[in-house]
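All remarks here apply to the structure that follows.
The values are calculated or read from the model by the stated rules, or taken from the named source; none is laboratory data. In this text, all values refer to a predicted model and were calculated from it rather than measured experimentally. Cβ coordinates were reconstructed from backbone atoms using ideal geometry, including for glycine residues, and neighbour counts include every protein chain displayed. When the accessible area is computed, the model is the full protein with side chains, heavy atoms only, and any ligands, DNA or RNA have been set aside. Shrake-Rupley method; radii C 1.70, N 1.55, O 1.52, S 1.80 Å.
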Amino acid sequence: MNDVPLFAPTEEHEAIRDACRAVCRDKVAPHAAEVDQHATFPDASYDALRAADFHAPHIPEAFDGVGADALATAIVIEEVARACASSSLIPAVNKLGTMPLLLAGSEEIQRRYLPPVARGDAMFSYCLSEPDAGSDAAAMKTRAVRDGDGWRLNGAKRWITNAGVSDYYTVFAVTDPDRGSRGITAFVVEKADAGVSFGAPEKKLGIKGSPTCEVYFDDVHLPPGRMVGADGEGFKLALRTLDHTRVTIAAQAVGIAQGALDYAKGYVKERRQFGQPVADFQGVQFMLADMAMKLEAARQLTYVAAARSERSDADLTFFGAAAKCFASDMAMEVTTDAVQLLGGYGYVQDYPVERMMRDAKITQIYEGTNQIQRVVLARHLLK
Ligand code: CAA
């Protein structure tokens, strides 16, 4: 693999972290438990993130965005996830949904759909998976056929994050069934298009404040100008997108784990047993040391992957998958250990670490299970 010059977050990156952390402390964290308990969309977080331009920071200035680079975007997602994982899906899924347009969209489609997201007037989701096409994404059945100058879309997508609250959707559909993964094309579908509807929100283990639904397309007419990239190039575009956005899932995992470690660290200093703070026991100290060490390793890998994402580096496929896989496995471990450090208190909803443990689990599953990441890693190594 190519040598990559050493990178470090700049002062500007650290200033973005400080600013985002303050917004999250004051306006996101206070609602995290309630959002989880009632499975409600975090409106207060969305408002606060919009007011501070953290809701879709990756959108370039040319499209009314703030033009944060991939590392700054990762830092924002990390900080939001540290406070509330559900809320971190606002910037993360806005990036996922719009990335195909940024990578391959015409200037016309970019000008039409990116500014509303940048301004916080619209959110954007990504529709790849289907009930029978999850890891094997190319087995999708959603079909787009020519209809005059436009297209007619039929099918169903599943596990769509922020479905229903997003106004726009990048939808991958089969346009030539004889060409397998080379017969898939990407389109922008609007929530307001006739024939678009949504299933009931899934009842999930975690990230309960971010709705996950099926999305149905019943004879949806797509006018000209909705295709993203070229006809037949959609599957590669879907995978190129995921190369970039697996970095944001890694950042989310790092943030969730940091939130759990911070809480556990504070708790063990306060909690007294056998006449002393439990932090004085070496067994507890060793657990904390391992948690912090693994967390920092995941953070560094995530930031290196973000630097690669910024440059669309040839090895991004490897680094995106590695960061997502490593950071999410780490987050599951660290949040589980945080629950353990709190003992019985860790297991109840009066304390935040059980929520963090439930939220961490999805990072091992979405944007490709960690088994699929290992497939991607091995293919890259052996090609
Ligand atoms: N970038 C660009 N092109 C790529 C690529 C990449 N990273 N990886 C593969 N390709 C190309 C291949 O070169 C190949 O091109 P040719 O047709 O020219 O040969 C083509 O794409 C097909 O590649 P494969 O034959 O390797 O494809 P496959 O069917 O074997 O699938 C896979 C590969 C890695 C398993 C892929 O299907 C995959 O990543 N699956 C997981 C899907 C996934 O992550 N889903 C997440 C959904 S999004 C989500 O979760 C968010 C949400 O809202 C919940």
>> Which numbered condition in (1) free of Cβ contacts under 8 Å to residues at least 60 places away in the same chain; (2) in contact with a helix residue (DSSP H, G or I) (Cβ under 6 Å, 6 or more places away or on another chain) is the only one that D69 fails?
In response: (1)
> Does region 341-355 include one or more residues that are within 16 Å of the chain's Cα centre (by Cα) and either more than 21 Å from T161 (Cα to Cα) or within 10 Å of the ligand (Cβ to nearest atom) (or both)?
Replying inline: no
>> Given the criterion in contact with a helix residue (DSSP H, G or I) (Cβ under 6 Å, 6 or more places away or on another chain) and closer than 14 Å to K265 by Cβ, identify the matching residue among L295, L377, L316, L301.
In response: L295
> Any idea how many residues of region 365-382 are touching a Ser or Thr at 6+ places or on another chain (Cβ under 6 Å) and within 22 Å of Q37 (Cα to Cα)?
Replying inline: 0
> Which members of region 234-253 meet the condition of being open to solvent by less than 10 Å² (accessible area, probe 1.4 Å), near the ligand (Cβ under 9 Å from one of its atoms) and under 17 Å from S86 (Cα atoms)?
Replying inline: T245, I249
>> With the requirement that a residue be open to solvent by 60 Å² or more (accessible area, probe 1.4 Å) and in contact (Cβ under 8 Å) with a residue 40 or more places away in the chain, what does region 258-270 give you?
In response: Y263
> Within region 229-244, is even one residue polar (S, T, N, Q) and under 30 Å from D18 (Cα atoms)?
Replying inline: yes
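Within the group L301, L377, L316, which residue is touching a residue at least 40 places away in the same chain (Cβ under 8 Å), among the hydrophobic types (A, V, I, L, M, F, W, C) and more than 12 Å from the ligand (Cβ to nearest atom)? Talk me through it step by step, then tell me what you get.
On the way: L377 fails: more than 12 Å from the ligand (Cβ to nearest atom); L316 fails: more than 12 Å from the ligand (Cβ to nearest atom).
From the options L301, L377, L316, the qualifying one is L301.
Would you please name the residue that is nearest to the ligand (Cβ to nearest atom), looking only at residues in region 198-232 that are out of contact with any strand residue (DSSP E or B) (no Cβ under 9 Å at 6 or more places or on another chain) and farther than 20 Å from N94 by Cα? I'd like the intermediate steps shown before the answer.
Let us first name the residues in region 198-232 that are out of contact with any strand residue (DSSP E or B) (no Cβ under 9 Å at 6 or more places or on another chain), namely 203, 205-206, 208-209.
Going one step further and asking which of them are farther than 20 Å from N94 by Cα, we end up with 203, 205.
Values: K203: 16, L205: 14 Å.
Taking the candidates together, the pick is L205.
Please verify whether E310 is away from the ligand (no atom under 16 Å from the Cβ), at pLDDT below 95 and either more than 23 Å from D262 (Cα to Cα) or open to solvent by less than 40 Å² (accessible area, probe 1.4 Å) (or both), treating the condition exactly as stated.
When the stated conditions are applied, E310 passes them.
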> Can you name every residue in region 338-361 that is touching a residue at least 60 places away in the same chain (Cβ under 8 Å) and open to solvent by 50 Å² or more (accessible area, probe 1.4 Å)?
Replying inline: Y345, Q349, Y351, M357, K361
> Taking region 167-179 as the search range and keeping residues that are more than 13 Å from the ligand (Cβ to nearest atom) and part of a loop (DSSP other than H, G, I, E, B), which one is farthest from A118 (Cα to Cα)?
Replying inline: T175
> Within region 271-296, restricting attention to residues that are over 24 Å from the mean Cα position of the chain (by Cα) and basic (K, R), which residue is surrounded by the fewest Cβ atoms within 10 Å (Cβ to Cβ)?
Replying inline: R272
